[in-house]
1. Can you pull out every residue in the stretch 430-477 that is in contact with a strand residue (DSSP E or B) (Cβ under 9 Å, 6 or more places away or on another chain), more than 19 Å from F143 (Cβ to Cβ) and touching a residue at least 24 places away in the same chain (Cβ under 8 Å)?
2. I'd like the residue in the stretch 229-264 that is of a type in the set (F, W, Y) and in a strand (DSSP E or B) and, out of all such residues, is nearest to the chain's Cα centre (by Cα).
3. Kindly indicate which of H324, H330 is part of a helix (DSSP H, G or I), closer than 19 Å to I137 by Cβ, out of contact with any Cys (no Cβ under 9 Å at 6 or more places or on another chain) and touching a residue at least 24 places away in the same chain (Cβ under 8 Å).
4. List, please: which pairs have Cβ atoms under 6 Å, are six or more places apart or on different chains, and start with a residue in the stretch 108-121 that is open to solvent by less than 50 Å² (accessible area, probe 1.4 Å) and end with one that is among the β-branched types (V, I, T) and not in a helix (DSSP H, G or I)?
5. Do you know which of the residues in the stretch 352-387 that are over 16 Å from A147 (Cβ atoms) and modelled with pLDDT under 95 is most open to solvent (accessible area, probe 1.4 Å)?
6. Give me a count of the residues in the stretch 167-208 that are under 28 Å from P49 (Cβ atoms) and hydroxyl-bearing (S, T, Y).
7. Here are R211, R193, R197: which of them is open to solvent by 30 Å² or more (accessible area, probe 1.4 Å), basic (K, R) and at pLDDT 90 or above?
8. Among K430, K466, which is over 16 Å from A415 (Cα atoms) and not β-branched (V, I, T)?
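The values are calculated or read from the model by the stated rules, or taken from the named source; none is laboratory data. It should be emphasised that the depicted structure is a prediction, and the values quoted were computed from it without experimental measurement. No Cβ is skipped: glycine too gets one built from the backbone with ideal geometry, and neighbour counts run over all protein chains shown. These area figures cover heavy atoms from the full protein model, side chains too; ligands, DNA and RNA do not enter into them. Shrake-Rupley method; radii C 1.70, N 1.55, O 1.52, S 1.80 Å.
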Amino acid sequence: MSSRKSNEEKKPATTNSSADSGSPVEISVKNVRRPDLMMDANISAVSIPCMQVKDGKLSGFWKHYSREGTIRKVRPIEPKLTLQTGEEYLLSPLPGEPTQSTVNKLAGWSPESRANWEKGEPAPTTGETLRAIAQLIDQLIAFPPNASVQHGLVLSAWVMMTYIYPALPALPYLYFSGPPGSGKTRTMDVLARLAFRPMMTGNLTAAALFRSRHANGGTLLFDEAERLNERKSESVSELRSILLSGYRRGASADRMEYVKDKWETRSFDFYGPIAIGCISGLPPALYSRCINVRMMRAAEGSVQASLALDDLAIQFAETRDMLHRWALEHGHDAATLTLGNSSLSNRNAELWDPLRKIVAHTGDTQALELLTNHAIESSSIAAESVQPSYDRAILAALYSIRASGEAPTASQILALAEQLDPDLASCGFKPRMVGSVLRNYFDPPKKSNGDSVWRTPPNEIKELAKRYGYNLPGDNQ
């Protein structure tokens, strides 16, 4: 026994595992996921805030709806999520207990639809979902007639993109341009009823942006964003900086936080979709991250002018339900679809490909071709749209010349418009930009002796001006 004891005493001491010793266990950051919206090859999931009565009191809790292969699951949100494969994800940041206000703002997916999904109800296809959104948009929003279908397609695909953006390496912002009263705020209101976890604001700070986005994810709808052009404001400069990097996955803001009597570095994730409405144009660098959707005031008596959003409340609710079910079933496949070649490249491809993938996933080759051609054309004239809107002066100049019986070129229209609005001369406006503005409203110019001239009837110009409340030269109204 003494010999055995001696041998045991000579054995080296075994090292306890990190778990046994209480030391931190290192994990791979690749296994950390946000719980609000998960979209990868292993799992698609969304968190939904709910309310319950517990011990006689109203309280909130979170449910996690997920699909792994063909298996659908509903479970409470916990720090660790174990997949069917045995792989483990750690969820962060974990949401706080939801309030009634949280449920109203962030739920989106109705209890009835969630219950049916859990029972195995089939999810809508990409084509069905896209068409449902497009039908709502067509009833409520007016676009320039020469590109109405294209703009509606862009907006519909972008709404769907807000439900799958974690699976995309980059995404486009939307920029709604047009003169006052052209429907930018109404369009934001429509998006607020369709996009994933919408947050609508007209007054936003950088801190509010990255903190709210880090806590809840979702879609930012930034209306009346004229102050983004301010150059002397440090707070606006910081906000622009956040916006410039937030369109790419992995975008984060590092800030020093005072926690438990010491300063610590904290990183905030603010990647996500953003729509911006602005009359005065955007800073060029920010505009380069945007797809421009040109707005137009609806004609008096039209469907778009007569319908209120609340008139279609049931359709909005049904479409939101479709979007959640589509995202869990088909979202990752659409986000990772391989596209064929196009002339789009670099930043233009980066911005347009997420929408093109969604449309391509419908299997509708004509719709994909329509969107691709629109993307190519929009990319070629993008620089012209950075300018503020000078539509009033250009329409007035066109009317004056057409009322005299002449058919003007873009250069002649610009020369008169510069007299009506001297700012045009100082901002570097070009004749081709005049054509870009007028094509939003009227048929393209006609060729005459080798020149492109505008033959728009004066009564059409007058009718359009009346729609926007513009006074034209010689108009006594």
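1. Within the stretch 430-477, P445, K446, S452, V453, W454, R455 qualify.
2. Y258
3. H324
4. W109/I48
5. So the residue we want is A383.
6. So the count comes out to 5.
7. Just one listed residue meets the conditions, R193.
8. K466
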